[in-house]
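Data first, discussion second: the structure below is written as structure tokens.
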Amino acid sequence: MKKSRIILLIYFLLLVGYSFFTYAITAPNLTLIKIPFFVKFQNLMWQTFYHNRNTTTLIFCVLFLMLFGIYLLLAKNINFKSQKKLKLNLILVLLALPLLFAYNALSLDVFNYIFNAKMVVKYQANPHIQTALNFAFDPWMRFMHNIHTPAPYGYGWTALSLLPFSLGLGKFSLTWLVFKIFSLVSLMLLIYLWKWLAKLYIKVDFNEKYAWLVCLNPL
């Protein structure tokens with residue numbers, strides 16, 4: 001158990017380092033927080049890494065290899081039969097804390113989710129028919145990608161997106177953070193539903209090992 005906690009701590013520290021590093025690939029026309037020290041940090045990351053693609057790629061690959069290495073150690077060393085001492089939801093929340101403030105690594109889809117909800121709430125437009133490009137005057141357009149096609153996701157996902165968007169109170173950075181929290185809560189809900197369905201239909205206790213292996217995967 002002690003060894004497992006040390007490995008989890010190393011995993012957490014790697015995620016903290018990864019979260020800082022993600023700001024090396026933030027869109028140059030997007031400043032998430034206009035606080036002086038953060039602006040200086042963001043400018044430093046841009047100047048050091050953004051146009052140095054080879055170094056950025058190498059660091060990214062090394063970080064992910066280290067994360068997967070720790071993940072495999074966790075899979076090997078955690079005693080899945082004594083999970084009452086290590087609550088998965090608690091560990092998941094603690095590990096996710098730095099990621100809540102990390103920039104989106106290789107996908108900007110969350111920005112599309114946010115703007116699709118904004119189209120519904122603010123512009124009373126259907127994002128499955130209209131495109132974000134129709135609202136080129138919106139200041140959020142300056143850092144979005146894939147703005148020329150309608151929402152490729154189902155109406156159900158668009159409807160769900162209205163809740164975190166509304167909680168964001170129209171502030172982009174707050175809305176972005178709420179969407180990330182929404183994703184974390186969804187993952188925790190998935191664990192609960194797994195356990196519930198296992199008992200309801202399979203009539204067996206849920207194997208915690210599978211939840212750990214899925215939820216702690218670096219991807």
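Let's see how each residue does on (1) within 22 Å of LEU187 (Cβ to Cβ); (2) at pLDDT 90 or above; (3) outside any helix (DSSP H, G or I):
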| residue | (1), (2), (3) |
| --- | --- |
| LYS3 | no, no, no |
| LEU8 | yes, no, no |
| SER19 | yes, yes, no |
| ILE59 | no, yes, no |
| LEU74 | yes, no, no |
| LYS85 | yes, no, yes |
| ALA96 | yes, no, no |
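For the range 103-149, what are the residues that are closer than 11 Å to SER161 by Cβ and among the hydroxyl-bearing types (Ser, Thr, Tyr)?
Within the range 103-149, TYR113 is the sole residue that qualifies.
Which numbered condition in (1) under 20 Å from the mean Cα position of the chain (by Cα); (2) closer than 30 Å to ILE70 by Cβ; (3) not small (Gly, Ala, Ser) is the only one that LYS195 fails?
With (1) under 20 Å from the mean Cα position of the chain (by Cα); (2) closer than 30 Å to ILE70 by Cβ; (3) not small (Gly, Ala, Ser) applied to LYS195, the lone miss is (1).
Here is a list: VAL178, VAL120, VAL110, VAL185. Which entry is on the phi < 0 side of the Ramachandran plot, of a type in the set (Val, Ile, Thr), in a helix (DSSP H, G or I) and loosely packed, with under 15 Cβ neighbours inside 10 Å?
Exactly one residue qualifies, and that residue is VAL185.
Table: residues versus (1) crowded, with 17+ Cβ neighbours inside 10 Å; (2) within 16 Å of the chain's Cα centre (by Cα); (3) farther than 23 Å from PHE182 by Cβ; (4) without any contact (Cβ under 8 Å) to a residue 24 or more places away in the chain.
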site: PRO28; (1), (2), (3), (4): no, no, yes, yes
site: ASN43; (1), (2), (3), (4): no, no, yes, yes
site: THR48; (1), (2), (3), (4): no, no, yes, no
site: HIS51; (1), (2), (3), (4): no, no, yes, yes
site: CYS61; (1), (2), (3), (4): no, no, yes, yes
site: GLY69; (1), (2), (3), (4): no, no, yes, yes
site: LEU106; (1), (2), (3), (4): no, yes, no, yes
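Kindly list, by first and then second residue, each pair from a residue in the range 143-161 that is in contact (Cβ under 8 Å) with a residue 40 or more places away in the chain and within 15 Å of ILE114 (Cβ to Cβ) to a residue that is assigned to a loop (DSSP other than H, G, I, E, B) and open to solvent by 40 Å² or more (accessible area, probe 1.4 Å), limited to pairs with Cβ atoms under 6 Å and residues at least 6 apart or on different chains.
PHE143/ASN29
Restricting to the range 131-161, and then to whatever is part of a loop (DSSP other than H, G, I, E, B) and hydroxyl-bearing (Ser, Thr, Tyr), can you tell me which residue is nearest to the chain's Cα centre (by Cα)?
For the range 131-161, the residue satisfying everything is TYR153.
Name every residue in the range 188-219 that is open to solvent by 70 Å² or more (accessible area, probe 1.4 Å), at pLDDT below 80 and under 22 Å from TYR11 (Cα atoms), in order of residue number.
Once the filter is applied, which keeps residues that are open to solvent by 70 Å² or more (accessible area, probe 1.4 Å), at pLDDT below 80 and under 22 Å from TYR11 (Cα atoms), the range 188-219 yields LYS209, TYR210.
So which of PHE137, PHE143 is aromatic (Phe, Trp, Tyr) and surrounded by 12 or more Cβ atoms within 10 Å (Cβ to Cβ)?
Answer to the selection: PHE143.
The values are calculated or read from the model by the stated rules, or taken from the named source; none is laboratory data. Fair warning: this is a prediction, and the values are worked out from it, not measured in the lab. Neighbour counts run over all protein chains shown; Cβ positions are idealised from the backbone, glycine included. Just the protein is used for accessible areas: all its heavy atoms, side chains included, with ligands, DNA and RNA removed. Shrake-Rupley method; radii C 1.70, N 1.55, O 1.52, S 1.80 Å.
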